[in-house]
Structure formats: structure tokens, C-alpha cells
1. Within segment 338-361, can one find any residue that is among the β-branched types (Val, Ile, Thr), under 30 Å from residue 199 (Cβ atoms) and modelled with pLDDT under 95?
2. So which pairs qualify, if the first residue must be in segment 279-291 and closer than 18 Å to residue 56 by Cα, the second must be in a helix (DSSP H, G or I) and among the acidic types (Asp, Glu), the Cβ gap must be under 7 Å, and the two must be at least 6 apart or on different chains?
3. Might you check whether a residue that is over 29 Å from the mean Cα position of the chain (by Cα), at pLDDT 90 or above, under 30 Å from residue 205 (Cβ atoms) and polar (S, T, N, Q) occurs anywhere in segment 72-86?
4. Go through 28, 44 for me and flag whichever is on the phi > 0 side of the Ramachandran plot and either without any contact (Cβ under 8 Å) to a residue 12 or more places away in the chain or of a type outside the set (Asp, Glu) (or both).
5. Has segment 294-304 got at least one residue that is more than 25 Å from residue 65 (Cβ to Cβ) and surrounded by fewer than 20 Cβ atoms within 10 Å (Cβ to Cβ)?
6. Of all residues in segment 185-225, which are touching a helix residue (DSSP H, G or I) at 6+ places or on another chain (Cβ under 6 Å), among the aromatic types (Phe, Trp, Tyr) and without any contact (Cβ under 8 Å) to a residue 60 or more places away in the chain?
7. Mind checking which residues of segment 23-49 are among the hydroxyl-bearing types (Ser, Thr, Tyr) and in a helix (DSSP H, G or I)?
8. Might you let me know whether segment 190-198 holds any residue that is modelled with pLDDT of 90 or more, more than 27 Å from residue 52 (Cβ to Cβ) and not in a loop (DSSP other than H, G, I, E, B)?
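The values are calculated or read from the model by the stated rules, or taken from the named source; none is laboratory data. What you see is a predicted model, and the numbers here were worked out from it, not measured in a lab. With ideal geometry, Cβ positions are generated from the backbone for all residues, glycine too; neighbour counts draw on all protein chains shown.
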Amino acid sequence: MSERPISVGQETYDRLALLRARLSVRREGEVSWDGLFQLMLQRERRRRDVVSWLYTIGIFFVITWVLVWPVYVFAPSYIPLVLLAGVAIAGFSAYVLSPYAMRLMRLYSDAPQEILDTLASLAEKADLAKKPALRLAETAEINASAYSSFMGGGVCLTRGLVDAYKSGRMTLEEVRAIIGHEIGHLKNMDLFRHNLALSWVSVFDYFGNVSIRMGVRMARLAPVLEAGTARRDPSEDRKAAGFVALMMVFYGWSCVVIGSAAKLLAKAASALCYHLSRVREYAADDVAADLVHPEAMAKAMERIEALNSQLAAQQLAQLPEAESWQAQPRNATWVERLWDTHPPSEKRIERQRGLGVLIGQF
């Protein structure tokens with residue numbers, strides 16, 4: 001291991017030496033300078049983890065209050081049940097539905113050996129309890145994703161990314177950074193965090209969809225019921241059928257209104273979920289930077305953007321009137337960006353490149 005001197009002031013050195021002495025006494029053995037800094041790094045990581053989890057839980061509390069505020073106001077004794085239900089929904093989505101959906105992606109056991117070695121070495125470096133499984137998605141897009149499971153989770157690479165590496169359009173260091181980013185999601189339990197924030201949002205969105213569908217069917221069925229009754233019996237029963245039909249229309253459109261309100265409320269609350277998602281993307285970038293290097297992470301994101309842009313251009317060129325098509329909206333508003341799952345790539349690249357420059361200066 002190479003050693004590099006670090007320049008510190010006398011006061012800082014004295015305080016560090018005192019801290020080292022205290023830890024040595026507490027551990028009943030001398031703590032080296034390297035051991036001291038390792039302990040300080042561990043404490044900093046734990047502090048960041050605590051802060052990030054408090055932030056996640058805070059967003060979860062705010063979303064549940066927005067969506068089920070009557071429980072908070074009129075039945076506070078049920079608040080623990082509401083929160084436990086949210087945790088249960090998040091766990092089911094993250095650890096049952098997610099790996100079930102990934103069954104369509106085949107296990108990539110015949111991947112290039114250097115990719116398999118990269119996955120194993122980075123997982124060990126990140127202190128994951130179990131090496132993630134590696135899967136392959138048969139799509140030309142250059143991308144990767146992570147998924148959770150009770151068996152340890154996994155990383156899924158796209159065919160486009162693997163082909164780009166095999167053809168030399170992407171370096172191994174860039175692939176390492178991409179895998180490191182996905183390992184960061186696994187290490188930080190980001191899929192569970194995202195589903196925790198989305199738990200009651202998904203319930204309200206599902207309820208809204210069911211209410212709208214049921215309401216539309218009731219409203220459409222009412223005239224059919226009335227017409228059928230009129231053909232069979234034009235007597236007093238027709239009046240009763242007309243009243244029933246009127247009530248069905250009323251309740252049907254009431255369900256549509258209630259369902260639409262639930263979906264709008266879920267949509268508004270989900271902006272906080274996607275804000276959390278963007279924050280967690282930055283955190284996963286930092287894990288990749290720690291496992292590989294910030295500059296490698298910046299180059300990997302640049303490469304993904306360039307290759308996907310080329311892919312989009314090739315696909316769009318095959319469309320009729322290709323000049324009128326565009327891969328992405330040119331003028332996305334700040335309102336639309338509230339529901340982005342990822343921060344702008346240029347901001348992520350700039351952030352990692354800035355970290356790399358600072359590391360070089362140190």
C-alpha cells in the first residue's frame with residue numbers, strides 16, 4: 001500500500017493524537033493512524049446513513065399525512081397501523097414483486113469473465129452480505145438497473161451495454177463504474193426506500209383507477225337497464241327502473257370524480273417520491289465513486305449519454321419524416337421535471353468530475 005503524507009496544523013495534529021490515544025486506551029491496544037482514520041470514516045458513513053434514513057422516513061411521514069390526513073386528525077390511534085401498512089406494502093413491492101418481474105431477464109452466467117469478476121470484487125468492497133446475481137435484459141438501450149430480493153438482489157445489464165463493451169465502445173473502467181452505481185443502490189436499499197415513499201401513493205392511484213373504471217361502467221349500464229325495462233314493461237316498473245338508472249348515473253359519475261381526485265392527490269404526492277429518487281441517484285453515484293473513482297463515474301455517464309443518443313438517432317432516422325422527430329422534449333418545464341426519476345445527467349457528471357478534480361488537488 002502506498003503512503004502519502006498529509007499536511008495538518010499543529011492544533012489539528014494534537015487533537016487527532018489525543019483521539020488516537022483515547023481509542024487506544026478504550027481498545028486496550030495501540031490504534032494506528034490508518035486505523036484511526038478508518039474508524040473516523042466508518043463513523044462518517046454511519047452518520048450519513050442515519051441522516052439519509054431520517055430524510056427518507058420524513059418524506060414517508062409527509063406523504064402519508066397528505067394522503068390519509070383524516071386518520072392523523074380524527075383517529076390518531078390508527079397512525080401506527082397506517083405506517084406499518086406502508087412498510088408492508090414497500091417490503092412486498094421491493095422484495096417480492098421486483099424479483100418476480102426480473103424473472104423475465106435471464107441469468108447472465110456466460111458474461112465476460114472480467115464483468116463477473118468486477119461484480120464480485122465491487123460487491124466485496126462494498127461489504128454486501130451476498131454477491132448480487134447478474135442478469136441480462138435483451139434491449140439495445142445502454143443501461144443497467146438493480147433489483148432487491150430476499151436472496152441478495154442483483155444487477156441487470158442491457159444487451160446494448162454489453163455489446164458496447166465487447167465492441168470497444170465502452171471501457172472496462174466505465175463498466176465497473178456503472179456496476180458500482182447499481183451496487184450503490186443495493187447497499188443503500190434504495191429500491192425499498194423508493195417503494196416506502198410510494199406505498200400509499202400506489203394505493204391511492206390503484207383506488208382511483210378502480211373507482212374511475214367502476215364509475216364509467218355504472219354510468220354506461222344505466223341507459224341500457226332503463227331501455228331494457230321499457231321494452232319489457234311500460235308500466236310503473238319503468239318509473240322505478242328510471243329512478244334506479246338515474247341513481248346509477250349519479251353514483252357512477254360520483255365514483256369517477258372521487259377516483260380522479262384520488263389520482264390527482266397521488267400524482268401530487270408522488271412528486272416527493274421522485275425527489276427522493278433523484279437524491280438517491282446522487283448517493284449511488286457517490287458509492288460508485290468510492291468503489292472506483294469519480295472521474296470513471298463521470299466518463300461512464302458521458303458514454304451512456306453519447307451511445308444512447310446515437311442509438312436514438314439511428315432509430316429515429318428509420319421513421320417517416322425523421323427530421324420532425326426528437327428523442328426528448330427540448331423544453332421540459334420545471335413542473336415536468338418534478339416527476340423525473342433521475343437528476344439531469346449533466347449535473348451528475350459535473351458533480352463527479354468536480355470530486356475527481358478535488359481528489360487530484362489533495
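1. Checked against the condition, which is being among the β-branched types (Val, Ile, Thr), under 30 Å from residue 199 (Cβ atoms) and modelled with pLDDT under 95, segment 338-361 yields at least one hit.
2. From residues that are closer than 18 Å to residue 56 by Cα, the pairs are 280/190; 284/190.
3. For segment 72-86, residues over 29 Å from the mean Cα position of the chain (by Cα), at pLDDT 90 or above, under 30 Å from residue 205 (Cβ atoms) and polar (S, T, N, Q): present.
4. Numbers: 44 fails: on the phi > 0 side of the Ramachandran plot.
Within the list 28, 44, the selection yields 28.
5. Within segment 294-304, the first condition is being more than 25 Å from residue 65 (Cβ to Cβ), and the residues that meet it are 294-304.
Pick out the ones that are also surrounded by fewer than 20 Cβ atoms within 10 Å (Cβ to Cβ) and you get 295, 302.
Among the residues of segment 294-304, at least one is more than 25 Å from residue 65 (Cβ to Cβ) and surrounded by fewer than 20 Cβ atoms within 10 Å (Cβ to Cβ), which makes the answer yes.
6. Once the filter is applied, which keeps residues that are touching a helix residue (DSSP H, G or I) at 6+ places or on another chain (Cβ under 6 Å), among the aromatic types (Phe, Trp, Tyr) and without any contact (Cβ under 8 Å) to a residue 60 or more places away in the chain, segment 185-225 yields only 207.
7. 24
8. Checked segment 190-198: no residue is modelled with pLDDT of 90 or more, more than 27 Å from residue 52 (Cβ to Cβ) and not in a loop (DSSP other than H, G, I, E, B).
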